[in-house]
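Report on the structure given below.
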There are 2 protein chains.
Amino acid sequence: MSSIDIRQLLSGDVRTLAKAITLIESNKSSDRSKKFALLKQIEPHAGNSIRIGITGVPGVGKSTFIDTIGTMFTSRGEKVAVVTIDPTSPLHGGSLLGDKSRMNNLAQGPNAFIRPCPSGGTLGGVASKTFETIKLCEAAGYNVIIVETVGVGQSEFEVKDIVDFFLLMILPNSGDDLQGIKKGIVELADLIVVNKCDGEAALQARESVNYYSSALQLIQKNSKWNPSVVMCSSIEKTGMLEIVQICDNYFKALKKSLDAIRLEQQAKWYRRLVREFILYEFEHSKTMSKEINSNEKLVLSKIATPVEAALKTVSKLFR
Amino acid sequence: MSSIDIRQLLSGDVRTLAKAITLIESNKSSDRSKKFALLKQIEPHAGNSIRIGITGVPGVGKSTFIDTIGTMFTSRGEKVAVVTIDPTSPLHGGSLLGDKSRMNNLAQGPNAFIRPCPSGGTLGGVASKTFETIKLCEAAGYNVIIVETVGVGQSEFEVKDIVDFFLLMILPNSGDDLQGIKKGIVELADLIVVNKCDGEAALQARESVNYYSSALQLIQKNSKWNPSVVMCSSIEKTGMLEIVQICDNYFKALKKSLDAIRLEQQAKWYRRLVREFILYEFEHSKTMSKEINSNEKLVLSKIATPVEAALKTVSKLFR
């Protein structure tokens, strides 16, 4: 890949931003040094945004919700970047979720940028590349970053670490956990939104609010913020103003500690990178691959069990 | 944990098997040597089963299907173990999918064992612990192993590597990819089952069969086996005999190469273990944690960017 014009990136040029993200996503060894140089250059320009994670099972209406709330942000002058994480496409890098057409209103405005982030094939999990994408968007001038995940588990816990505000969307129902969301994810939420509270679902929605409100009361949270449960309809556009208000309150309440939060996010990113780089070296170091291959022969000839062979390989590395 | 009575395990004692799997799943350092000893002891007794992976999105009817096909296997004298992988519960180790009550008929018989396998918190991905669980079940005398995954991506590609036969379940519909299944997963399938072909869905089912049959023709497969698409209804019990027949044919066709497949699975497991052990050492080695902590301070004091600090840390390890 050709290198990135940093001035163009900082000026907010969308094509340069897209190109920069593609570079970040590259797994090619030959792109590594360019990638690291770029990340170093943008670092002083990153961090000036509010980072919102939005999760929920497929069908809960995340896209329409993000379309609506994103447009509310842009219409008051914010620049909004949406990063969608799609775990369903690990091999091909394509993306089901990243379809811009799902966020029509938002995509049409000049102050929005929508980008799918393939989750597959990342050595250290989804979070480190998503975090790098967030930073690039920030450097390009976006000051509201929305990260969308599909709510099936693993990636939510990673995303929680890189966003400031975590919003869980659920559907109105009688209040049991049949929606496929685990309690663990509820514990992460700074706000629970019961979506599709339109028409006949209003009664069930009330039950959901009650159920999750009591659930939240049982969960010990930090003293700085009390998560709540609100109803909304992205289609009838009810509840949306309240949600934006809650976001604003949250970031007002957190203003003083945001620097500390950013540093903590940096430290966690660093630890993720260490893991990622270790696995990278493991896969690319000549000494290691020699060791790995010779011990694999012990497995194939049934001289050693896989566990024995693996312990032998690793003992070479950590003396 | 107390150690495992290997004789009891080999005799098929279910409580010992359950205990052994719990040991395997343990992430405690103090359980490591016991775990490795156990894996070494069972190794000669493992491998004598047919391993079937079954995947499909939530709601496709995997449980009912496994309940039916599992009971067909047990009723002809096989011992069936079902391992379900649940990515929705990374923190608490609990499991939505593992509910035995979803496989009522099968669970009631004496020749079936059903076990949820938590996917979260595993260093090297889901596959290595699932593979160890499979081996324990084999050592305990189970000769049909069914591994169930929820079809959202990553874990399917891992599971494909540890099973012999990979079955993809889909719902009858008009044949586009709106079911949330990526083409990549279709490529893995040795058999595609269109489930819930009962009542009014029959017409749509025909379309699905045609669509996926043509899709399969476009995919290059090995010459030993031609994947096909069949219709079934776990409720009306149609199509099930045909599917069991296809399984039997598959394992008959593969009989000669099964030893080679087993060796390849062992080699892949070995490589996974190496990755897992490297990350383990990285998290537990004193020299490494000293290095990690001192470089983290550079991040927190903004002297180094996370990328610079991580490169520095890893360069200590790989000289």
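The values are calculated or read from the model by the stated rules, or taken from the named source; none is laboratory data. Predicted, not measured: the structure shown is a model, and the values here were computed from it. Cβ coordinates were reconstructed from backbone atoms using ideal geometry, including for glycine residues, and neighbour counts include every protein chain displayed. Note: accessible area is taken over every heavy atom of the protein model, side chains too, but ligands, DNA and RNA are not part of it. Shrake-Rupley method; radii C 1.70, N 1.55, O 1.52, S 1.80 Å.
List of remarks:
- Remark: mean inter-chain Cβ contacts per residue of B:296-302 equal 4, using a 10 Å Cβ-Cβ cutoff to other protein chain atoms.
- Equivalent ellipsoid semi-axes, the stretch B:170-319, via Cα gyration tensor eigenvalues times 5, rooted, Å: 49, 23, 14
- Of the accessible area of the stretch B:189-319, computed with a 1.4 Å probe over protein heavy atoms only, carbon and sulfur atoms account for 54 percent.
- Carbon-plus-sulfur accessible fraction, the stretch B:1-85 (probe radius 1.4 Å, protein heavy atoms only): 52%.
- Computed from backbone phi with θ = phi - 60° and the Karplus coefficients 6.51, -1.76 and 1.60, the 3J(HN,Hα) list for the stretch A:41-55 is 5, 7, 3, x, 9, 9, x, 8, 8, 9, 10, 10, x, 10, 10 Hz; x is used for glycine and proline.
- Under the convention that each Lys and Arg Cβ holds +1 and each Asp and Glu Cβ holds -1, the size of the dipole of the protein assembly as shown around its Cα centre is about 2280 debye.
- Helix content alone sets the calculated 222 nm mean residue ellipticity of chain B: runs of n ≥ 4 DSSP H residues at -39500 (n - 2.57) each, divided across all residues, give -15500 deg cm²/dmol.
- Among the listed pairs A:Lys302/B:Lys316; A:Lys40/B:Lys297; A:Lys286/B:Lys297; A:Lys19/B:Lys290, those beyond 28 Å (Cα-Cα): A:Lys302/B:Lys316; A:Lys286/B:Lys297; A:Lys19/B:Lys290
- 0 to 90° range, to nearest 10: angle between helix B:258-284 axis and chain B longest Cα axis: 30 degrees
- Annotation for B:Lys40, label-to-label distances across the other copies: 4.7 nm (shortest first, one decimal, point 7 Å from Cα along Cα→Cβ).
- Computed from point charges on the beta carbon alone (+1 for Lys and Arg, -1 for Asp and Glu), the dipole magnitude for the stretch A:217-256 about its Cα centre is near 320 Debye.
- Dipole of chain A computed with +1 at Lys/Arg Cβ and -1 at Asp/Glu Cβ about the Cα centre; of A:Leu241, A:Ala260, A:Phe113, farthest Cα towards the positive end is A:Ala260.
- Accessible surface calculations at 1.4 Å, restricted to protein heavy atoms, place the protein assembly as shown at 43 Å² per residue.
- When you filter the trypsin sites (Lys or Arg not before Pro) in the stretch A:211-253 for DSSP loop state and at most 11 other Cβ atoms inside 10 Å of their Cβ, you are left with A:Lys224.
- Among the residues of B:27-37, the average count of other protein chain beta-carbon atoms within 10 Å of the residue beta-carbon is 1.
- In chain A, taking the dipole from charged Cβ atoms about the Cα centre, the farthest positive-side position among A:Ala140, A:Asn104, A:Thr313 is held by A:Thr313.
- Protein heavy-atom accessible area occluded, B/A pair - total, 1.4 Å probe, Å²: 5600 Å²
- A simple charge model with +1 on the Cβ of Lys and Arg, -1 on the Cβ of Asp and Glu and nothing else charged puts the dipole of chain A at about 1180 debye relative to its Cα centre.
- Residue-wise HN-Hα couplings along the stretch B:7-15, as the Karplus relation 6.51 cos²θ - 1.76 cosθ + 1.60 with θ = phi - 60° gives them from phi, are 5, 4, 4, 5, 7, x, 5, 5, 5 Hz; Gly and Pro carry x.
- Beta bridge orientation in the protein assembly as shown: antiparallel %, DSSP, nearest 5: 5 percent
- Charge sum, other residues only, whose C-beta stays under 12 Å from B:Ala267's C-beta, Lys/Arg counted +1 and Asp/Glu -1: +3
- Cross-link pairs beyond the 23 Å C-alpha cut-off, checked among A:Lys135/A:Lys160; A:Lys35/B:Lys312; A:Lys196/A:Lys224: A:Lys196/A:Lys224
- The GNM of chain B, with springs linking C-alpha atoms under 10 angstrom apart, assigns the highest mean-square fluctuation among B:Lys19, B:Lys286, B:Lys135 to B:Lys286.
- Short-range pairs are left out: with C-alpha atoms under 8 Å and at least six residues apart, the relative contact order of chain B is 17 percent.
- Cα centroid of the stretch B:190-254 to Cα centroid of the stretch A:232-257, whole Å: 48 Å
- At 7 Å out from Cα toward Cβ: B:Leu203 inter-copy label distances (nm, ascending): 3.4
- Per-copy distances of the A:Gln217 label point, shortest first, in nm (7 angstrom along Cα→Cβ): 6.3
- Taking Cα atoms only, the orientation of helix A:240-254 departs from the longest principal axis of chain A by about 60 degrees.
- Most fluctuating residue given options B:Met231, B:Met288, B:Met240, as computed from a GNM of chain B linking Cα atoms under 10 Å: B:Met288
- Looking at chain A alone, DSSP beta bridges between its own residues are antiparallel in about 5 percent of cases.
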